[in-house]
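Laboratory data are not the source of any read-out in this text; all were calculated from the coordinates shown. Computed from a predicted model, the values in this text were never measured in an experiment. With ideal geometry, Cβ positions are generated from the backbone for all residues, glycine too; neighbour counts draw on all protein chains shown.
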Amino acid sequence: MTSEAKPEQSQTSEAAQSPAKLLIDFGPLAAFFATYYVAERLQPELGIYWATGVLMGATVVALAASRLLLGRFSLPPLVTAGLVVVFGGLTIWLQDPRFVMMKPTIINLLFAGVLAFGLVTGRPLLKLLMGEALKLTDEGWYRLSVRWLGFFLALAALNEVVWRNFSQPAWVNFKVGILPLTFLFAVAQIGLIRRHEAKD
């Protein structure tokens with residue numbers, strides 16, 4: 001009886017974790033967006049700094065919550081949190097919003113660089129990050145890595161175009177749109193994943 005109850009308990013635990021994981025992923029960005037638009041109405045010149053401070057705090061809290069929920073730190077969120085704290089701190093300290101606006105470029109170039117290194121050395125590093133969730137052939141991992149590499153490079157280039165050529169509110173809207181865009185891109189890879197699924 002005990003052994004039969006374990007899968008049900010596991011499924012219940014995973015179902016309970018899903019809303020929490022969603023909040024961890026979207027929470028800091030939602031907090032940034034909400035703070036910016038509230039602060040912009042009260043103190044327009046300080047909106048980006050208030051929002052950056054809230055983003056830093058929310059990111060650290062989300063990272064701690066992820067540790068409690070998953071029992072470990074995942075490398076990409078850990079790197080992102082570190083860059084948020086560094087570039088956010090520079091933004092507030094130097095009163096220069098360009099640092100936090102450049103952060104998405106740095107993050108995406110860093111992820112693209114890691115994937116490119118894996119492809120050049122013949123080690124699909126994406127497999128190390130997603131190997132527990134996906135079972136693909138070597139060709140599948142290669143193709144998926146190439147696609148994500150291109151996506152990260154495109155996001156980095158797009159961020160540079162937006163923050164250098166458009167208004168600050170336009171950049172904030174773009175930043176908030178990065179996460180849904182990433183989700184849509186991930187969904188678009190389902191066909192490739194199915195075609196190159198490794199057979200037991």
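Here is how the numbers come out for the structure above:
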read-out: Pairwise label distance in nanometres, GLN43 with GLN95, each label 7 Å out on the Cα-Cβ vector; value: 1.1
read-out: Environment charge of SER145, counting only residues whose C-beta is closer than 12 Å and scoring Lys/Arg +1, Asp/Glu -1; value: +2
read-out: Net charge of Cβ neighbours under 14 Å - reference ALA188; Lys, Arg +1; Asp, Glu -1; value: +4
read-out: Formal net charge of residues neighbouring TRP171 (Cβ-Cβ distance under 12 Å; K, R +1; D, E -1); value: +3
read-out: Packing-based ranking, highest mean first, of 59-66, 48-55 given that Cβ atoms within 10 Å are counted; value: 48-55, 59-66
read-out: HN-Hα J in Hz across the range 40-51 - Karplus 6.51, -1.76, 1.60, θ = phi - 60°, x for Gly and Pro; value: 4, 6, 8, 9, x, 6, 10, x, 5, 6, 4, 5
read-out: Span from the the range 175-200 Cα centroid across to the the range 77-151 one, whole angstrom; value: 16
read-out: Other-chain or far-sequence residues with amide H under 5 Å of LYS135's (modelled H); value: ALA198
